[in-house]
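Written out below as structure tokens is the structure these notes cover.
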Amino acid sequence: MLGPIVTQLQRILERKASTVQKAFLEMSEELETLGQDMINLKGEEHQAAIARQKEIRGKQQGIAEEINLWREYGRKAILQGSEERMRGLIHEIQEKADDKLNEELEDLIFQLDNPEEILKRLEEANKRRHSGTPVGRLIERAQTVYDMRSESNAARKEAAFEFSNRQGVMQDDDILTELESYMVDEDPYVRETAQLTVIQLYRLRALRLASIRDSQKAVKRLAEISNPAVIPALIEVLENPRKGYLEKEGEVLEVDNVRSRQVALLRLVEWHTPEAQRAIYMRRFDQNKDIVSFVEKALDLFPGDWDGTMPKPKVSD
């Protein structure tokens, strides 16, 4: 009965982390502007700009810690083995939450106190789950096929890649919704199969969709997924600048995917793995100056070898 609560709590916390991450991006943009303006500043104005830079970097450190806090709670959510422990975790989160987040957490407490609500939602979800759907057949394989249930995840990766590349699957929202309902399944092989397939589908959307808005939504969803298998997908987004269209006020504009690449870059910094560090390092001479600026800041804030543990950023004196 805890499964739906875990799913909702993880989504809520990832959404909160993404909101905070947006503030980090805005501060990075202000730092970039300050850096450009300082070339023409002298005397007190120059000193004021330096002080502002230091202030922003200090705030960014706090924001980085807050992002880690919400995502760490998201990871803890799946480890709670009873309703009592889940209540305790939610109450702990509420102590650090704002009013908006508290409203969503109160709804989860209500569901814990009213299990009939969970049953109702489960029944609605189960209407979409039947072996006649493509997802149902994939999940059935994860439940029964020997290779799909082995310690090595090679067969699960292959199945995810094959499924996501079928004609018409990538843009089918119903398929994604059904797959995502299995991402916190109690069966670890089912859970991983669903996660790997969802990652592949959002990867394809991020790289292929002509609509930059829809592509960016896919990248943001990739950034929310906690499975390390998402790292190569984020790297691929970062390494592939491209153009698409954006509808704005009745006009169709050609725009690039720099925003998506920035989201991928920031999430790779948070993953803090050697693979992520190498990918970010290779973008030092990217064709987009904003990406170069983000890369320089990331490497400056987090020097040394990355080992998968997100440290506190180095703050310049």
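Quick note: the coordinates plus some simple rules give every number you see, no bench work behind them. Just so we're clear, the structure is a prediction, and the values are computed from it rather than from any experiment. Methodologically, a virtual Cβ is constructed for each residue, glycine included, from the backbone with ideal geometry; neighbour enumeration extends over all protein chains shown.
Computed over the Cα atoms, what is the radius of gyration of segment 209-317 divided by 2.2 N^0.38 Å, N being its residue count?
So segment 209-317 has a normalised radius of gyration of 1.12.
Taking 7 Å along the Cα-to-C-beta vector as the label spot, tell me the ASP99-GLN171 distance in nanometres, rounded to one decimal.
Those two pseudo-labels are separated by 4.2 nm.
How far is helix 258-271 tilted, in degrees, relative to the longest principal axis of the Cα atoms in the chain, given as a value from 0 to 90 rounded to the nearest 10?
80
Would you mind computing, in nm to one decimal, how far apart the modelled labels at LEU299 and SER152 are, each placed 7 Å from Cα along Cα→Cβ?
In this crude label model, LEU299 to SER152 measures out at 3.7 nm.
Could you give the length gained on full extension between ARG85 and GLU32, defined as 0.36 nm per residue of separation minus the Cα-Cα distance, in nm?
14.6 nm
Build a GNM of the chain with springs between Cα atoms under 10 Å: which of ALA210, ALA154, ALA264 gets the top mean-square fluctuation?
The residue that fluctuates most here is ALA154.
Quick one: the Cα spread of the chain along its three principal axes, in angstroms, biggest first?
Cα extents, longest axis first: 70, 46, 45 Å.
Just subtract the alpha-carbon distance of ARG137 and GLU116 from 0.36 nm times their residue separation and send over the number in nm, one decimal.
Stretched out fully, the ARG137 to GLU116 stretch lengthens by 4.7 nm.
Rounded to whole Hz and in sequence order, give me ³J(HN,Hα) for segment 136-142 from the Karplus expression 6.51 cos²θ - 1.76 cosθ + 1.60, θ = phi - 60°, writing x for Gly and Pro.
Each residue of segment 136-142 in turn: x, 5, 4, 5, 4, 4, 5 Hz.
Show the residues, 5+ positions off or on another chain, whose built amide H is closer than 5 Å to the amide H of ASN257.
Result for ASN257 returns ARG242.
In 10 Å bins starting at 0, how do the alpha-carbon pair distances of segment 1-127 split up by percent?
12, 33, 22, 15, 11, 6, 2
Ignoring everything except DSSP H segments at least 4 long, calculate the 222 nm mean residue ellipticity for the chain; use -39,500 (n - 2.57) per segment, divide by total residues, nearest 500.
-22500 deg cm²/dmol
Hey, what angle do you get for helix 289-301 against the long axis of the chain, alpha-carbon based, 0 to 90 degrees rounded to 10?
So the inclination is approximately 90 degrees.
Under 13 Å from the 7 Å Cα→Cβ point of ASN227, by amide nitrogen: which residues of segment 163-182?
163-164, 179-182
Given a Förster distance of 51 Å, report the FRET efficiency between ARG52 and TYR245 from their Cβ-Cβ distance, rounded to the nearest 0.05.
Step by step, r from the Cβ atoms, then E = 0.90.
Grab the beta carbon distance between ASN68 and PHE285, set R0 = 30 Å, and tell me the FRET efficiency rounded to 0.05.
For R0 = 30 Å, the calculated efficiency reads 0.55.
Between ASP107 and LYS42, with labels modelled 7 Å along Cα→Cβ, what's the label distance in nm to one decimal, could you check?
Label at ASP107, label at LYS42, 5.8 nm between them.
Divide the volume of the convex hull of the Cα atoms of segment 129-208 by its number of residues and quote the answer in cubic angstrom per residue.
Cα-based convex hull of segment 129-208, divided per residue, equals 83 Å³.
Take TYR202, TYR146 and order them by how many other Cβ atoms sit within 10 Å, fewest up front. Don't jump to the answer; show the numbers that get you there.
Details: TYR202 26, TYR146 7.
Placing the least packed residue first, the sequence is TYR146, TYR202.
Using the Karplus curve 6.51 cos²θ - 1.76 cosθ + 1.60 with θ = phi - 60°, what ³J(HN,Hα) values do you get for each residue of segment 228-235, in whole Hz, with x for Gly and Pro?
Along segment 228-235, the couplings run x, 4, 6, 4, x, 5, 5, 4 Hz.
What residues have an amide H closer than 5 Å to that of PHE302, excluding those fewer than 5 places away on the same chain, when H is modeled at 1.01 Å from N in the peptide plane?
LYS314
Return the subset of LYS16/LYS59; LYS59/LYS248; LYS54/LYS297; LYS76/LYS96; LYS54/LYS100 for which the Cα-Cα distance in this structure is over 22 Å, preserving the input order.
LYS59/LYS248; LYS54/LYS100
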